[in-house]
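To keep things clear, I will list the structure first and then write my remarks on it.
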Amino acid sequence: MKQTQLFTKTLKEAPADEVAKNAQLLIRGGYVYKNMAGVYTFLPLGLKVIEKINTIIREEMNAVGAQEMYMPSLQDPELWKKSDRWDDDKVDVWFKGELKAGGDIGFAWTHEEVITEIMSKYVSSYKDLPFSAYHIQTKFRNEMRAKSGIMRTREFWMKDLYTFCATEEQHAEIYEAYAIAYKNVFDRIGIGDKTYKTFASGGAFTKFSHEFQTLAEAGEDIVYVNEAKGIAVNEEVLAEADLSELGVTKDELEKRKSIEVGNIFSLGTKFSEAIGLTYKNEAGEEVPVIMGSYGIGPARAMGTVVDLLSDEKGIIWPESIAPFTVHLVGLNLDDSEIKDFADGVYDSLKKRGVEVLYDDRIEARAGEKFADSDLLGMPYRVVASKKTKEEGQFEVVTRKGGEVRFLMEDELYDDFATEA
RNA sequence: CGGGGUGUAGCAUAAUGGUAGUGUACGCGGUUUGGGACCGUGUGGCCGGAGUUCGAUUCUCCGCUCCCCGACCA
């Protein structure tokens, strides 16, 4: 994409009311725009990042065998009364409205009730189980206090996946498969080394649930972690009995701040019983389906990456979720020969399938372009200028670490061309 | 929801009970051209309401906004 076509601009200074690093950098770079507290627009560059994260999530969920669907935001109170989660006394994050035709309506803050009701129409036999389904959809949560930039908002996309099983064995197996898939997601978006599958209390149906917690100073959560053993627990699981079951002692654990980037837990038959999702087993008995729930907030994951991987100059995107792989910075473009040359490099890279953002601004000076490039944080910066044209050699700078390489034109194309 | 703070131009900031200034961004002219360069010039602003006052961006009250701490966060 040519930068002159982008309607967004970078800011030299972040708005004074933004304290969270993720928000400061994302706003300065023109990735997001804050409409109001806890409500953000994802601008073209930001949307590209989110979509890449979503693609990775989809690939990993689909690999386990999940099917994607799309459920509504508008919620029928009657359905939620069945699970006793409609009252504001029971759930304090509801956004609610009224229908013109009369009656209340809710804005979905999760989708257990909805999917359970849907599946009750399609599941009738043990032969239909197990399976899993998910969607990536807007969640509304009437938080008392939005905070931390895009990390804790009132409206956000969430990937939520639900599993439906006939037996505990099936459930345990699929639960573990998604735990691995989650780990894969966090590895692929570049925060795997700091992300721990964290033991949390399990609720009525299982001993533990699991949070995926990424160690970060900007975090709102607290985990107790043993990095050597690769184990983390949250506060609820600090009892000695629980710890010994997990094979650690309290003094082996270090208290750390963290960001909850994902959460998986067993639902047992809570919703299937409340809403009537049952199947007939081999003996012909009507029994409730065993469910599980698995959530990731793509925007929170994005904010975590920014908080963790940026430096004083700006963002450093991992290649997997960068909006573009290469930032081609054109210099001396007021000379039409150089402009043609740089345009040609841009076209050649694109032709080879390279995702490239091309700074084709003629008036902007080199310093401004480099500063913008650092702020925007593409993994590789390539300069096309009078000098590179004359010397036939391109300067390629890796954003992370600042490694500089000089490549001939053919080498440049070979280096970035996607494997066909 | 309890406590604290905040609100001046797209963004960042200053001053003031009496014509609101600066940087940046933006427009125009010129110089410059590999790390946010410079000269000239121009456009653009006091969160809302009520009150006090001859006069309120400034003082008072009410409301709203945004931020922070806490509580909350299947």
Checklist outcome for this item: Per the list (1) modelled with pLDDT of 95 or more; (2) within 15 Å of RNA strand B (Cβ to nearest atom), residue check on A:Asp340 breaks on (2)
Checklist entry - How about segment A:23-53: which of its residues are loosely packed, with under 14 Cβ neighbours inside 10 Å and under 30 Å from A:Cys165 (Cβ atoms)? => result none
Item to check | Residue in segment A:360-397 that is surrounded by the fewest Cβ atoms within 10 Å (Cβ to Cβ), counting only those that are more than 25 Å from the chain's Cα centre (by Cα) and away from RNA strand B (no atom under 11 Å from the Cβ) | outcome: A:Gly392
Checklist entry - Residue check, A:Ala66 against (1) more than 26 Å from A:Glu176 (Cβ to Cβ); (2) within 29 Å of the chain's Cα centre (by Cα); (3) of a type outside the set (Ser, Thr, Tyr), all met but one. Which one? => result (1)
Next on the checklist: Just the residues that are touching a Pro at 6+ places or on another chain (Cβ under 7 Å), without any contact (Cβ under 8 Å) to a residue 40 or more places away in the chain and in a helix (DSSP H, G or I), please, taken from segment A:6-53.
Outcome noted: A:Ile27
Next on the checklist: Kindly evaluate A:Thr138 against the criterion of being at pLDDT 95 or above, more than 13 Å from A:Tyr162 (Cα to Cα) and within 23 Å of the chain's Cα centre (by Cα).
Outcome noted: yes
Checklist entry - within 18 Å of the chain's Cα centre (by Cα) and away from RNA strand B (no atom under 13 Å from the Cβ): does that describe A:Gly190? => result yes
Checklist entry - A:Val32: farther than 18 Å from A:His327 by Cβ, within 16 Å of the chain's Cα centre (by Cα) and within 16 Å of RNA strand B (Cβ to nearest atom), yes or no? => result yes
Next on the checklist: Please determine whether any residue of segment A:64-77 is of a type in the set (Val, Ile, Thr) and either touching an Asp or Glu at 6+ places or on another chain (Cβ under 8 Å) or over 28 Å from A:Cys165 (Cα atoms) (or both).
Outcome noted: no
Next on the checklist: I'm trying to understand the selection: among the residues of segment A:172-210, which are assigned to a helix (DSSP H, G or I) and under 24 Å from A:Ile222 (Cβ atoms)?
Outcome noted: A:Ala179, A:Tyr182, A:Lys183, A:Val185, A:Phe186, A:Asp187, A:Gly192, A:Asp193, A:Lys194
Checklist outcome for this item: Note on segment A:198-241: residues within 15 Å of RNA strand B (Cβ to nearest atom), among the charged types (D, E, K, R) and free of Cβ contacts under 8 Å to residues at least 40 places away in the same chain are A:Asp221, A:Glu235, A:Glu236
Checklist entry - Residue check: is A:Ile57 within 16 Å of RNA strand B (Cβ to nearest atom), hydrophobic (A, V, I, L, M, F, W, C) and under 14 Å from A:Val185 (Cβ atoms)? => result yes
Next on the checklist: Can you confirm whether A:Tyr40 is of a type in the set (Phe, Trp, Tyr), within 15 Å of RNA strand B (Cβ to nearest atom) and modelled with pLDDT of 95 or more?
Outcome noted: yes
Item to check | In segment A:245-284, residue surrounded by the fewest Cβ atoms within 10 Å (Cβ to Cβ) [restricted to those that are among the small types (Gly, Ala, Ser) and within 12 Å of RNA strand B (Cβ to nearest atom)] | outcome: A:Gly268
Next on the checklist: Anything in segment A:215-236 that is touching a Gly at 6+ places or on another chain (Cβ under 9 Å) and either small (Gly, Ala, Ser) or crowded, with 16+ Cβ neighbours inside 10 Å (or both)? List them, or say none.
Outcome noted: A:Ala218, A:Ile231
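The values are calculated or read from the model by the stated rules, or taken from the named source; none is laboratory data. This is a predicted model, so every value here is computed, not measured. Cβ atoms come from the backbone with ideal geometry, glycine included; neighbour counts cover every protein chain shown.
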